[in-house]
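Below is one structure, written out as structure tokens; comments come after it.
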Amino acid sequence: MNPNKALWEKGDFTQLAETMRESGAALVDKLGIKKDMRVLDLGCGDGTTAIPEAKLGATVIGVDIARNLVEAGNRRAKAEGLTNCTFQEGDATDLQEVPDQAFDLVVSIFGAMFAPKPFDVAKEMVRITRPGGRIVMGNWIPGDPTLVAQILRISSAYTPPPPEGFVSPMLWGVEDHVMERFGGAGVAKENISFERDTFTFSAPYPPSVFLDKFRNYYGPTMNAFEAAEKNGKATDLQNELEALFTSQNQSADNSTSIPATYLRVTVQC
């Protein structure tokens, strides 16, 4: 099996996506989506941004490599009565079934950044966007002190080194790398812009329960705990992550509200 597919089908990202709905909808509100706009949401999960896009009247196709998330997205769209939103399996490095210049807007929020072959990903996103259309990515930033970058940093210390040729997904959060990748797809530097933005994870339970969601349902963290357990270091990993989640929580009651900084990339095609 494709290792990337195996990683994202391993857990159940819907358990985390539930904490991302409010910020997902807030981000979509900034994208200038109009009725009948054609949108492809790449690495869509179960529709955290795809479903709000459809609610604004766009015709939306969500594409994700994980079959379980595609099925969950289609269930959510059906439950919402959204006939203008469908989900299908696909690989961001090779969108074989997506025609050229088919979309007004291509969105990928913490999705395509995790696909291998980033230059291929950039070329595919540009290929499927019509001239005059836009690409919007949300990417975590390496070394950032907020939640997700720190989860991935801590987890990496407990996992075996990546295979030769591995390209860190976090490089999508570095402006120079983004420009190089889209430049390789024929986009001029002046057509690429960047903005730091905040995504808040919100849940009606304490940070310790939120951490359990990562441990039990988020593929990268699941792998880190499996490796740590083999080395007798699972307690150390748990303690590091508990300290992180507790220190970053901004909720005053027994709930979770943790902001995370990301790089919002806008490409004019």
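Being touching a residue at least 24 places away in the same chain (Cβ under 8 Å), in contact with a Lys or Arg (Cβ under 8 Å, 6 or more places away or on another chain) and surrounded by fewer than 20 Cβ atoms within 10 Å (Cβ to Cβ) holds for only one residue in Glu80, Glu22, and it is Glu80. Looking only at residues of the range 52-64 that are touching a helix residue (DSSP H, G or I) at 6+ places or on another chain (Cβ under 6 Å) and buried (at least 24 other Cβ atoms within 10 Å of the Cβ), we find that the one that is farthest from Phe103 (Cα to Cα) is Asp64. Checked against the criterion of being among the β-branched types (Val, Ile, Thr), over 26 Å from Leu27 (Cβ atoms), out of contact with any Gly (no Cβ under 9 Å at 6 or more places or on another chain) and at pLDDT 95 or above, the candidates Thr266, Thr235 yield just one match: Thr235.
Glu164 fulfils the conditions (1) assigned to a loop (DSSP other than H, G, I, E, B); (2) free of Cβ contacts under 8 Å to residues at least 12 places away in the same chain; (3) within 19 Å of the chain's Cα centre (by Cα) except for a single criterion, (3).
Among the criteria (1) out of contact with any Phe, Trp or Tyr (no Cβ under 9 Å at 6 or more places or on another chain); (2) part of a helix (DSSP H, G or I); (3) among the small types (Gly, Ala, Ser); (4) surrounded by 15 or more Cβ atoms within 10 Å (Cβ to Cβ), the one Ala228 does not fulfil is (1). Restricting the range 109-127 to residues that are assigned to a helix (DSSP H, G or I) and among the aromatic types (Phe, Trp, Tyr) leaves a set whose member that is nearest to Phe166 (Cα to Cα) is Phe114.
Look at the range 240-269: where a residue is free of Cβ contacts under 8 Å to residues at least 12 places away in the same chain, no partner that is surrounded by 14 or more Cβ atoms within 10 Å (Cβ to Cβ) and not in a strand (DSSP E or B) sits 6+ places away or on another chain with Cβ atoms under 8 Å.
Being part of a loop (DSSP other than H, G, I, E, B) and either β-branched (Val, Ile, Thr) or under 14 Å from the mean Cα position of the chain (by Cα) (or both) is a property that Val187 has.
The values are calculated or read from the model by the stated rules, or taken from the named source; none is laboratory data. These numbers were taken from a predicted model, which means no experiment stands behind them. With ideal geometry, Cβ positions are generated from the backbone for all residues, glycine too; neighbour counts draw on all protein chains shown.
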